[in-house]
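**Q** Dropping the structure in here first, questions after.
The values are calculated or read from the model by the stated rules, or taken from the named source; none is laboratory data. Computed from a predicted structure; not experimentally measured. Cβ sites come from the backbone with ideal geometry, for glycine too, and all protein chains shown count toward neighbours. Just the protein is used for accessible areas: all its heavy atoms, side chains included, with ligands, DNA and RNA removed. Shrake-Rupley method; radii C 1.70, N 1.55, O 1.52, S 1.80 Å.
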Amino acid sequence: MAAIRGGWRAVTGRGGWRAVTGIGSLGCVRRRGSTPWYQELVETEKKTTDKSVSKPRAFRSNILKTPGVLAVDKMSKESLCEHLAQSVVYQKGPLVAINKPQGLSITGRPEEPSVVSVLPELQQILQTEPDLHVVKAAPKESSGLVLLSTCHVTTKTFEDYYAACRKEERPITTFCAVTLGIPSPGEGEVKVALRTESGRELDPVVPVLHPSKGSLERREVKRTHTKYKVLHSEGGCALLQLQPMSVYRDQLLVHTTLKFCPILGDHNYSARVAKVLGENIYVPLDIAKPRPQHIQEKILLKMLFKEEQVHQMPLHLHLQYLLMPDDFLGVHPIYIGAPPPPFFTRTMKLLNLKMKQPVLDTSLRRSATRN
């Protein structure tokens, strides 16, 4: 171990850090002999599910206590950086991919923690080249992949490739989400124009059913598109695969409400969905103010939640897979993957939802690259 300025410590010497790649067995760059934070918690919970062993009292509590939801706004810069270093899922050449916690912004305001704010310290711990910067990242509200690079030429290659994918309407990112409600049909698309209502509380994003040509040309409105698929459903809840084909703020949150299945933990847009005489309705924006999500009592019971705790429910949206450009040397995998956080997997267990291995199209990479 060698000391680094600022009190950081990094493993030195051959074999100090190692990486495991591939979709089937997601790995983490970490100190030799250590176990990633998310794996430790998941393995601990698996042991408690053995029918021959009674469950500890801790696992009768909800996800806020066991395994707990990381409060990034209360973490010191040092502990946040150490956490991110333990959350590396891919490292090869100039590229580093981390599995960020829910609620951590990428850039953020000066007074709040963000990925960018700890990059100088992170590159020291990981012993990468200088100028580590963000290539592609999960939004603040969701957990999941953040792809970093130390080479601007490599970054430009990724940017050009992703632009080509968007032009061809090929999915770049694959999210998973737990939803309240099951979309019908079980697999499909959401295509709708969106705009931001500036001046309202939280500047909400709203659908525009008949956008004018002028509003589109002035970029006041943007056409958006998401592919979705139900991976599993049980008891009125679903585990969805979501592939945004466009990029717009809060796109996935708005699109899932349009299918009457808001994402669990969405306290901003879920109020737009309601039932009247057993039928789903879409509530007007003037009435659907941001507020703690309404969750049915039977689901609260399954999740061991009390009504007064609902406002603390984290958003169950995770960037799980990221498509990589074609690599003629065969150095990089077709996809980089990151497992959902422990609170997400425990919610799935409580709601009896099963995570199935998604079928990712391996032809996408070369098709986009050829053009």
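**Q** Per residue, how large is the accessible surface of segment 202-284? Use a 1.4 angstrom probe and give square angstrom. Could you put the intermediate results ahead of the total?
**A** Details: 3870 Å² over 83 residues.
Value for segment 202-284: 47 Å² per residue.
**Q** Can I ask one more? Return the distance in nm (one decimal) between the two label points of a simple spin-label model at Lys349 and Leu202, each offset 7 Å from Cα along Cα→Cβ.
**A** With each label placed 7 Å out from Cα toward Cβ, I get 3.0 nm.
**Q** What part of the accessible area of segment 84-234, given as a whole %, is carbon or sulfur when the probe is 1.4 angstrom?
**A** Roughly 49 percent, rounded to a whole number.
**Q** Something else now. Tally the DSSP beta bridges in segment 59-183 and give the antiparallel ones as a percent, rounded to 5.
**A** 95 percent
**Q** Positive end of the dipole of segment 115-168, charges at C-beta (+1 Lys, Arg; -1 Asp, Glu), about the Cα centre: which of Phe158, Leu119, Leu148 has its Cα farthest in that direction?
**A** Working it through, the farthest residue towards the positive pole turns out to be Phe158.
**Q** Summarise the long-distance tail of P(r) for segment 266-334 by giving the % of C-alpha pairs beyond 15 Å.
**A** 68 percent
**Q** Okay, moving on. Could you sort 293-306, 344-357 so that the peptide with the highest average Cβ count within 10 Å comes first and the rest follow in order?
**A** Ranked from most to least packed, the peptides come out as 344-357, 293-306.
**Q** Then there's this: Let me know the shape class of segment 144-256, please: from the alpha-carbon gyration tensor, a ≥ b ≥ c as square roots of the eigenvalues, rounded when a/c is under 1.5, otherwise prolate if a/b is greater than b/c, or oblate.
**A** Details: a/c = 1.78, a/b = 1.10, b/c = 1.61.
Taking the square roots of the gyration eigenvalues as a ≥ b ≥ c, segment 144-256 is oblate.
**Q** Quote to one decimal, in nm, the extra length available between Ser79 and Glu111 on full extension: 0.36 nm per residue of separation minus the C-alpha distance between them. Intermediate values should be presented prior to the final figure.
**A** On the way: separation 32, 0.36 × 32 = 11.52 nm, distance 1.65 nm.
Here the segment from Ser79 to Glu111 would lengthen by 9.9 nm.
**Q** While we're here: Note down the nm distance, to one decimal, between modelled labels 7 Å out along Cα→Cβ at His210 and at Glu234.
**A** 4.5 nm
**Q** Taking the dipole about the Cα centre of segment 185-263, with the C-beta of Lys and Arg at +1 and of Asp and Glu at -1, give me whichever of Ser212, Ile263, Gly199 is farthest to the positive side.
**A** Value computed over the given set: Ser212.
**Q** How much solvent-accessible surface does Arg218 expose, in Å² to the nearest 10, with a 1.4 Å probe and all protein chains in place?
**A** Roll a 1.4 Å probe over it and Arg218 shows about 150 Å².
**Q** Can you work out the base-10 log of I(q)/I(0) for segment 195-285 at q = 0.11, 0.16, 0.17 1/Å, using the Debye formula on its C-alpha atoms alone?
**A** -0.36, -0.74, -0.83
**Q** Arranged from highest to lowest average of other beta-carbon atoms within 10 Å per residue, in what order do the peptides 206-215, 184-193, 235-244, 316-325 appear?
**A** 316-325, 235-244, 184-193, 206-215
**Q** Right, next: Can you give me the long-range amide H partners of Gly144? Hydrogens built in the peptide plane at 1.01 Å from N, cutoff under 5 Å, separation of 5 or more residues or another chain.
**A** Long-range HN contacts for Gly144: Lys100, Leu319.
**Q** Whole angstrom only: what separates the Cα centroid of segment 264-321 from the Cα centroid of segment 80-107?
**A** Computed from Cα coordinates, the inter-centre distance equals 29 Å.
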